[in-house]
Amino acid sequence: MPEYKDPKDALEDLREESLLPHPVIVRDMLMRTKLPQDVLVELNREFQDYLKHYGQAESTARRILERLAPHA
């Protein structure tokens with residue numbers, strides 16, 4: 001898993017390689033920002049949505065890979 005300190009780096013990877021940063025990394029980026037409280041509250045709501053969908057995608061990928069692995 002890539003280590004991101006800067007959201008710009010994560011965004012560049014997402015644009016170039018379709019790599020999603022791990023939710024822990026996104027959470028750490030949120031915690032380091034110095035944005036107004038109302039903006040942070042809105043970003044946290046969006047982060048909760050990201051976290052949910054990230055987990056769903058990870059679960060789906062795991063099921064697919066578990067079925068493929070015996071045939072590789």
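The values are calculated or read from the model by the stated rules, or taken from the named source; none is laboratory data. Note that the structure is a prediction, hence the values are computed from the model and not measured. Note that we place each Cβ from the backbone using ideal geometry, even for glycine, and neighbour counts take in every protein chain shown. SASA here: full protein model, heavy atoms, side chains in, ligands and nucleic acids out. Shrake-Rupley method; radii C 1.70, N 1.55, O 1.52, S 1.80 Å.
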If I compute mean projected area of the Cα convex hull in nm² from the structure I just sent, which labelled value in (i) 5.0; (ii) 5.7; (iii) 6.4 lines up? (ii)
On a 0 to 90 degree scale, rounded to 10, what angle separates helix 23-32 from the longest Cα axis of the chain? 10
Neighbour net charge for ASP13 - beta-carbon separation under 12 angstrom, K R +1, D E -1: -4
Run through the range 1-43 and list the trypsin sites (Lys or Arg not before Pro) located in a DSSP loop whose Cβ has at most 14 other Cβ atoms within 10 Å. LYS5, LYS34
Could you state the accessible area per residue of the chain in Å², with a 1.4 Å probe and every protein chain left in place? 84
Using +1 at the Cβ of each Lys and Arg and -1 at the Cβ of each Asp and Glu in the chain, identify which of ALA10, LEU43, SER59 lies farthest towards the dipole's positive end. SER59
Helix axis angle, 37-68 relative to the chain longest principal axis, alpha carbon, degrees: 10
For helix 7-17, what angle does its Cα long axis make with the longest principal axis of the chain, in degrees from 0 to 90 and rounded to 10? 30
Output the peptides 64-72, 40-48 sorted from most to least packed, where packing is the average of other Cβ atoms within 10 Å over each peptide's residues. 40-48, 64-72
